[in-house]
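Novice: First the structure, which I've put down as structure tokens, then a few questions once you've had a look.
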Amino acid sequence: MATVSGGGGIHALCEDALAEILVRLPSLSVPRCRAVCKAWRRLATDRSFLVAHAARRPREVIVLTEHCLKISRGTTPLSLDLEPAAPEGGDDGGRRCSWRRLPYLYDPCPRAEDGTTRTGAFDLRASLDGLLVLEELLRGRGTFIVCNPITRQWTNLPALAHQCSAAYACGFYFHASSGEYRLLCHGVEGADGNSSHYYYILSAGSARPRRLACAPSCQPKPSNSNEVLYDIPVSYRGNLHWFSEHPLGGQTGKMLAFDTASEAFRLMPRPPELAAEWPDRERMRDLLVLDGELSVATLKLLELDIWVLQEYEAAGRWALRHRVTLPRPRDVRVVGVPPAMCRALPVGRSGILIACPTATMGTVYDLKGKKGRGVVDLGGFPRFAVFSESLVPHAFFDLPPSPDIVPPKFFDPSDERISARN
């Protein structure tokens, strides 16, 4: 096998051995390797190498914290891949786990000098393969951008503002046959009382949105709100899944699934105990993939249930896999007021992270050992998105973005700039 370069030491390594070393480097270090020599540059810019490097990056939870009545927000990722250590002194639900805290990824809601939100403020809508989908807040619904916060690249998705009076991001996915990243949106055309609902596809790199199919109109809600709400979808076996927050959730008592290959919808059963017309407000629930199976976590007071969908392809039956009692938290920052569960995400091989929108800490529980593993200080009132760093280049970032959109501000404490095109 040919060597990468002449001489001794690391330069004498074959290309495969060198790749095994460089693929373990942090994302910020890979661009620096390109300056060593031509052979290293060739390797560190090779797409297959960058794909392998991205596959080794840890999964992080981007916690969106809100300050000063939604004037400013920041993001802090927390690792999901490390097994949470047991707290010292036993199963104390009030202790903190040792979690890694990373620099801010982007400035999602910049402020003017007077402290008010200005044009260019964004809110996070989706995360996939190192890409974030942000919506510009002050321009009205339907203006989305896709960005890579590690390479600090961004471009806008096709605008829906001209076709729709309102638009709601449903889910972000990779369409394998076309090689496109696509955002599924629920668009509302026309005014209240004379409106039509459609699903739209916004493809990164395309100039125009594509109308996919008619969408269900807004279901009546206890709050009498006409807003179309969707859960953060869970991706499993090439499908996006929404548990109860979707337009047909109340009237059917079923989950909504979207096949990202055929781009078709179907309804799927929920666990029998969770198929009520309206969700039990005292029992919070969330979809997740646990041990390779599509699961639902529910929490009522301190009782945590984990349901697993068996025989997924045949839309089989749900089975109760775990029923455990969580340790009673000693701090209102864990449970919020009123107590609620917002998201449940797998941690390591047997852990689960539970948090709610009115608490600043999340509970970590070991399902296999049936022990509390402490709490995570989230630093604010969160909602979650899973993020994994990537340096993989995308052609749509080479297209000029719309001049009407104020660019998002990327930053981190080290102020080191990197680019996938270097």
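Novice: Quick one: length gained pulling E245 to T325 fully straight, 0.36 nm per residue minus the C-alpha distance?
Specialist: 26.2 nm
Novice: Now, a different point. Using 0.36 nm times the number of residues separating L267 and L13, minus their current alpha carbon distance, what extension gain do you get?
Specialist: Result: 86.1 nm gained on full extension.
Novice: Give the peptides 244-253, 126-135 in descending order of average Cβ contacts within 10 Å, highest first.
Specialist: Order by mean packing, descending: 126-135, 244-253.
Novice: Take peptides 358-370, 32-44, 311-323 and line them up by average Cβ neighbours within 10 Å, highest first, as a rough protection proxy.
Specialist: 358-370, 32-44, 311-323
Novice: Using 0.36 nm per residue, how much length does the chain from S196 to D123 gain when fully extended, once their Cα-Cα distance is taken away?
Specialist: 23.7 nm
Any read-out appearing in this document is the output of simple, stated calculations on the displayed coordinates, not a laboratory observation. Everything numeric here is computed off the predicted structure, so don't read it as measured data. Neighbour counts are summed over all protein chains in view; Cβ atoms, including those assigned to glycine, are modelled from backbone coordinates with ideal geometry.
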